[in-house]
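Okay, structure first, notes after.
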Amino acid sequence: MQVRSRNVSGPDDADKPAPPVLQLALAGLGWGLLTCVLCFVILFVTKWLLPPEYWGAHTGLTKFKREVSLPMLVFWVVIYSPILETFLGQLLPLEILKRLGASRQLSIFIATILWAIVHYISGGLLHAIVALGSGSMFSFVYLRYRAPGVAVAYATTTFSRACNNIAILVAVFYGLDA
């Protein structure tokens, strides 16, 4: 006798096998590096177009790097932050929107705006504008890998965030953010 679980993901997600772990890890690495490049382009263009008085508080890694030890910084940026941010920024809003029947584009738009608002509150206008880029990319990645299930989407997006954060951390240590 075979036990079948009820599939709540929808008919388009049914019976799709999960991709191999290595394929997901490489996808996460690629999406993370692409997101990092996108964020730095947005950062430099915004800094070029927007006068410094409109940037807001500087809450990026440069400030965080001065206040926290290196091991704690690496733990926070590479492990804790991607797990928490993916849960709050992608899994919760995108799963709620999926259950409400929102389209993929509307879901990405709403999750991105929510993510930018949170970053505006915590760091000002410049932080929010950069978060528009990263929020849209990570929401896209989450939905791109959602078909096999929530776990695959969450793990791939979390790993993508971790790779993005590592790249940003390296760039900050080489003075690219300053």
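Any residue in the range 80-94 that is among the hydroxyl-bearing types (Ser, Thr, Tyr) sitting within a Cβ distance under 8 Å of a residue that is in a helix (DSSP H, G or I) and open to solvent by less than 70 Å² (accessible area, probe 1.4 Å)? List the pairs, counting only those 6 or more apart or interchain.
81/161; 81/165; 86/138; 86/142; 86/154; 86/157; 86/158; 86/161
Please specify each residue of the range 94-113 satisfying the condition of being surrounded by 13 or more Cβ atoms within 10 Å (Cβ to Cβ) and either of a type outside the set (Gly, Ala, Ser) or under 13 Å from residue 133 (Cα atoms) (or both).
94, 95, 96, 97, 98, 104, 108, 109, 110, 111, 112, 113, listed by residue number.
Looking at the structure I just gave you, is residue 121 within 24 Å of residue 47 (Cβ to Cβ) and either outside any helix (DSSP H, G or I) or open to solvent by 50 Å² or more (accessible area, probe 1.4 Å) (or both)?
The answer is yes for residue 121.
Filtering the range 144-178 down to residues that are in contact (Cβ under 8 Å) with a residue 12 or more places away in the chain and β-branched (Val, Ile, Thr), which residue is nearest to residue 96 (Cα to Cα)?
150
Which number in (1) over 21 Å from the mean Cα position of the chain (by Cα); (2) modelled with pLDDT of 80 or more marks the one condition that residue 35 misses?
Of (1) over 21 Å from the mean Cα position of the chain (by Cα); (2) modelled with pLDDT of 80 or more, only one is false for residue 35: (1).
Go through the range 126-143 residue by residue and tally those that are surrounded by fewer than 23 Cβ atoms within 10 Å (Cβ to Cβ) and closer than 15 Å to residue 97 by Cβ.
3
If we scan the range 48-71, do we find a residue that is modelled with pLDDT of 90 or more and open to solvent by 70 Å² or more (accessible area, probe 1.4 Å)?
yes
State which residue pairs qualify: first residue closer than 11 Å to residue 161 by Cα and inside the range 19-31, second residue open to solvent by 80 Å² or more (accessible area, probe 1.4 Å) and modelled with pLDDT of 90 or more in any location, beta carbons under 8 Å apart, and separation of 6 or more residues or different chains.
Close Cβ pairs (under 8 Å, with a partner that is open to solvent by 80 Å² or more (accessible area, probe 1.4 Å) and modelled with pLDDT of 90 or more) amount to 28/159; 29/159.
Which is under 21 Å from residue 169 (Cβ atoms), part of a helix (DSSP H, G or I) and at pLDDT 95 or above, of 113, 96, 83?
83 is the lone residue from the list that is under 21 Å from residue 169 (Cβ atoms), part of a helix (DSSP H, G or I) and at pLDDT 95 or above.
Going by the structure shown, is residue 175 closer than 18 Å to residue 41 by Cα, small (Gly, Ala, Ser) and assigned to a loop (DSSP other than H, G, I, E, B)?
In short, yes.
The values are calculated or read from the model by the stated rules, or taken from the named source; none is laboratory data. Given the structure is predicted, the values throughout are model-derived calculations rather than measurements. Because the Cβ atoms are built from the backbone with ideal geometry, glycine has one as well, and the counts that use them run over all protein chains shown. To get the accessible areas, we keep the full protein, side chains included, count just its heavy atoms, and leave off ligands, DNA and RNA. Shrake-Rupley method; radii C 1.70, N 1.55, O 1.52, S 1.80 Å.
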